[in-house]
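Peer 1: First the structure, then my questions, so here it is.
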Amino acid sequence: MFDKVLVANRGEIAVRVIRTLAAAGIRSVAVYSEADRDARHVSEADEAVAIGPPQAANSYLQIDTIVQAARATGAAAIHPGYGFLSENPLFAAACEQAGLTFIGPTPENIRRTGNKLSARRAMAAAGVPTIPGSPQAVSTLADARDQADALGYPVMLKAAAGGGGRGLRAVGSPQEIEDAYVMAESEARAAFGDATLYLEKRMLGARHVEVQVLGDGRGGALHLGERNCSVQRRHQKMLEEAPSPALPTGVAAGLHAAATRAVAALRYRNAGTVEFLVAPDGRFYFLEVNARIQVEHPVTEAITGRDIVAAQLAIAATGTLPFSQQDVRFDGHAIECRINAEDPDFEFMPQPGRIEQLGWPHGDGVRIDTHVFEGYDVPIYYDSLLAKLVVHGSSRAEALARLREALRQVTLLGIKTTASFFPRLLEDRAFVDGTYDLGIVSRLVPALEEEEEAI
Amino acid sequence: MADDGLTDVKALISGTFYRASSPDVPPFVEVGTAVRKGQTLGLLESMKLFSKIKAPHDGVVRAIDTQNTEQVNVGQRLFRLSR
């Protein structure tokens, strides 16, 4: 196992990785921008290295600076977290060239899955169903119009380099496509440095269900069950649960089999997620592979009792899977709520600012992953995730009861957050009975749909 | 509405102000551009999210108070429009 690992991230995920490192007796190195001098990941790490100004492009996205920090501190490996450089094949390759272990997929895995068009082709070749869409990238607005006409509205306009809900627009009619094209292109360029777009048929009434996988890079694969992540605004997840409620018989097993087949076919290494859309009729379609640890991994940890970051470290250190599929047991139900600095009553607009008062819930089956504290200033430079509230119960009903109580105990004053949205969600019949689909947030917040379409 | 009859268009959130959808295309508007209600005047990026700054009514852009890529605070004036 490694003696020392550098964590190339910030926020709650950096704190979470550092804690598993500490538990494993591995020394940790944090990196931080000028905006994160007082951040919790800095104070919790054994060492910390300043890497530049607040803008991520000049700090958390600087490959050479981060590799240099690892070498200077004598770290043997780098954990990339999610976002930032986690799915940048140049970063994974730069780590390897510097003699550092990248705790994640191979550069080739990342290239293959990172381009959504090439991922679709690889999945189709592996016999995993994909959503009908444009076979090639759309090159111009006129081309997008032609391909959308051929496919039939509604369509989704997506960034080929996309992920995390960026560079993604639903297009309901030909009138909307110009606006959608312009916005998706500028977001894709800003977020990924690549404005290539493609089209997929938009599936109405579908659910987002994904499978947590582990691969050894040589075709060995196992899964840790599925998560339902259909509570989304702006194509970004707000709440996730495991296992997925209300799936038709056999669908979960079908998803697990398809996901492990995909991992084996890709010779995928380390932890990842295979995302699917499940149509109302139970048919499912490959969406994308997330070649990293995901925000919502704690719900899977709750129901399997496995520490996924520890599994990542083990795979990176030994090249083998730390346990077998037969060893994976599922216990109960878990739900995660993302508490974001966003105003649910104002189209989920970002709410940078100071947290004046903070109190988290306690109790059986409650876990909080967070980097924020009383007096913390939420900066404008990074994403809006403040904390993840995770509850685990022996059944979905128990998990829901624990979630209601936990949300009641959250005190977070000074800025508006999504914590005030979840009690509304918990009143919704389709949510409570588990049959909800991807339309649930815009149904509960009607103004949002309008704004989303307008943007 | 200000005393001079111009409408202030203010930032609804703090963030980074952009006058164009990308560095290689012209700005959405210039001083003197006639705009329709709801037309995009600029973009604000905050916490990795882009939102549009829209014209509150038909009119003409009379002033642009902020430089491209400047950090702005909530409530800060970005544009002035005449009817």
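Peer 1: What number of residues in segment B:19-37 are at pLDDT below 95 and of a type outside the set (S, T, N, Q)? Let's see the steps before the verdict.
Peer 2: Of segment B:19-37, the ones at pLDDT below 95 are B:20-26.
Subsequent filtering for residues that are of a type outside the set (S, T, N, Q) retains B:20, B:23-26.
Result for segment B:19-37: 5.
Peer 1: With a cut-off of at least 3 residues that are within 21 Å of the chain's Cα centre (by Cα) and over 26 Å from A:ALA257 (Cα atoms), name the helices (runs of 4 or more DSSP H) lying wholly within segment A:31-128.
Peer 2: Values: elements: A:40-44, A:63-73, A:89-97, A:107-114, A:116-125.
Output list reads A:89-97.
Peer 1: Taking segment A:233-258 on its own, how many of its residues are modelled with pLDDT of 95 or more, over 16 Å from A:ALA302 (Cβ atoms) and within 12 Å of the chain's Cα centre (by Cα)?
Peer 2: Qualifying residue count, segment A:233-258: 2.
Peer 1: I need a count of the residues in segment A:5-30 that are in contact (Cβ under 8 Å) with a residue 40 or more places away in the chain, outside any helix (DSSP H, G or I) and either buried (at least 23 other Cβ atoms within 10 Å of the Cβ) or not assigned by TED's automatic domain parsing to the domain that holds A:ILE63 (or both).
Peer 2: Qualifying residue count for the region: 7.
Peer 1: Next question. Looking for whichever is farther than 16 Å from A:GLY363 by Cβ and polar (S, T, N, Q) here; the options are A:THR435, A:THR411. Which one fits?
Peer 2: So the residue among A:THR435, A:THR411 that is farther than 16 Å from A:GLY363 by Cβ and polar (S, T, N, Q) is A:THR435.
Peer 1: Do you know which residues across segment A:306-347 are within 14 Å of chain B (Cβ to nearest Cβ) and surrounded by fewer than 22 Cβ atoms within 10 Å (Cβ to Cβ)?
Peer 2: Residues satisfying the conditions are A:ASP343, A:ASP345, A:PHE346, A:GLU347.
Peer 1: Right, next: Taking segment B:13-22, which residues are part of a loop (DSSP other than H, G, I, E, B) and crowded, with 17+ Cβ neighbours inside 10 Å?
Peer 2: Taking segment B:13-22 first, the residues part of a loop (DSSP other than H, G, I, E, B) are B:13-14, B:19-22.
Those that are part of a loop (DSSP other than H, G, I, E, B) and crowded, with 17+ Cβ neighbours inside 10 Å: B:ILE13, B:SER14, B:ARG19, B:SER21.
Peer 1: Looking at segment B:11-20, can you tell me whether even one residue there is more than 21 Å from A:VAL378 (Cα to Cα) and either more than 14 Å from chain A (Cβ to nearest Cβ) or β-branched (Val, Ile, Thr) (or both)?
Peer 2: Our first condition is that a residue be more than 21 Å from A:VAL378 (Cα to Cα); within segment B:11-20, this holds for B:18-20.
Among the residues that remain, those that are also either more than 14 Å from chain A (Cβ to nearest Cβ) or β-branched (Val, Ile, Thr) (or both) are: none.
No - not one qualifying residue is present in segment B:11-20.
Peer 1: B:THR66 - would you say it is within 14 Å of another protein chain (Cβ to nearest Cβ), out of contact with any His (no Cβ under 7 Å at 6 or more places or on another chain) and touching a residue at least 40 places away in the same chain (Cβ under 8 Å)? I'd like the intermediate steps shown before the answer.
Peer 2: On the way: within 14 Å of another protein chain (Cβ to nearest Cβ): no; out of contact with any His (no Cβ under 7 Å at 6 or more places or on another chain): yes; touching a residue at least 40 places away in the same chain (Cβ under 8 Å): yes.
So B:THR66 fails the test.
Peer 1: Right, another one. Does segment A:379-394 contain at least one residue that is more than 30 Å from B:SER14 (Cβ to Cβ), surrounded by fewer than 19 Cβ atoms within 10 Å (Cβ to Cβ) and not assigned by TED's automatic domain parsing to the domain that holds A:GLY25?
Peer 2: Looking through segment A:379-394, at least one residue is more than 30 Å from B:SER14 (Cβ to Cβ), surrounded by fewer than 19 Cβ atoms within 10 Å (Cβ to Cβ) and not assigned by TED's automatic domain parsing to the domain that holds A:GLY25.
Peer 1: I've got another one for you. If you scan segment A:348-362, which residues turn out to be in a strand (DSSP E or B) and more than 14 Å from chain B (Cβ to nearest Cβ)?
Peer 2: Our first condition is that a residue be in a strand (DSSP E or B); within segment A:348-362, this holds for A:349-350, A:353-354, A:357-359.
Within segment A:348-362, A:GLN357, A:LEU358, A:GLY359 meet the criteria.
Peer 1: Of the residues B:VAL9, B:VAL72, B:VAL29, B:VAL25, only one is surrounded by 16 or more Cβ atoms within 10 Å (Cβ to Cβ) and under 22 Å from A:GLU178 (Cβ atoms); which?
Peer 2: Numbers: B:VAL9 fails: under 22 Å from A:GLU178 (Cβ atoms); B:VAL72 fails: under 22 Å from A:GLU178 (Cβ atoms); B:VAL25 fails: surrounded by 16 or more Cβ atoms within 10 Å (Cβ to Cβ).
The conditions single out B:VAL29.
Peer 1: Look at segment A:348-377 and say how many of its residues are over 23 Å from B:LEU49 (Cβ atoms) and either among the aromatic types (Phe, Trp, Tyr) or not assigned by TED's automatic domain parsing to the domain that holds A:ILE335 (or both). Talk me through it step by step, then tell me what you get.
Peer 2: Going through segment A:348-377, the residues over 23 Å from B:LEU49 (Cβ atoms) turn out to be A:356-368, A:373-375.
When the remaining residues are screened for being either among the aromatic types (Phe, Trp, Tyr) or not assigned by TED's automatic domain parsing to the domain that holds A:ILE335 (or both), the result is A:360, A:373.
Adding up the residues that qualify gives 2.
Peer 1: Taking segment B:43-63, which residues are within 13 Å of another protein chain (Cβ to nearest Cβ) and in a strand (DSSP E or B)?
Peer 2: Hits for segment B:43-63 are B:LEU43, B:LEU44, B:GLU45, B:SER46, B:LEU49, B:PHE50, B:SER51, B:LYS52, B:ILE53, B:LYS54.
The values are calculated or read from the model by the stated rules, or taken from the named source; none is laboratory data. Because the structure is predicted, anything quoted here is derived from the model rather than measured. Neighbour counts run over all protein chains shown; Cβ positions are idealised from the backbone, glycine included.
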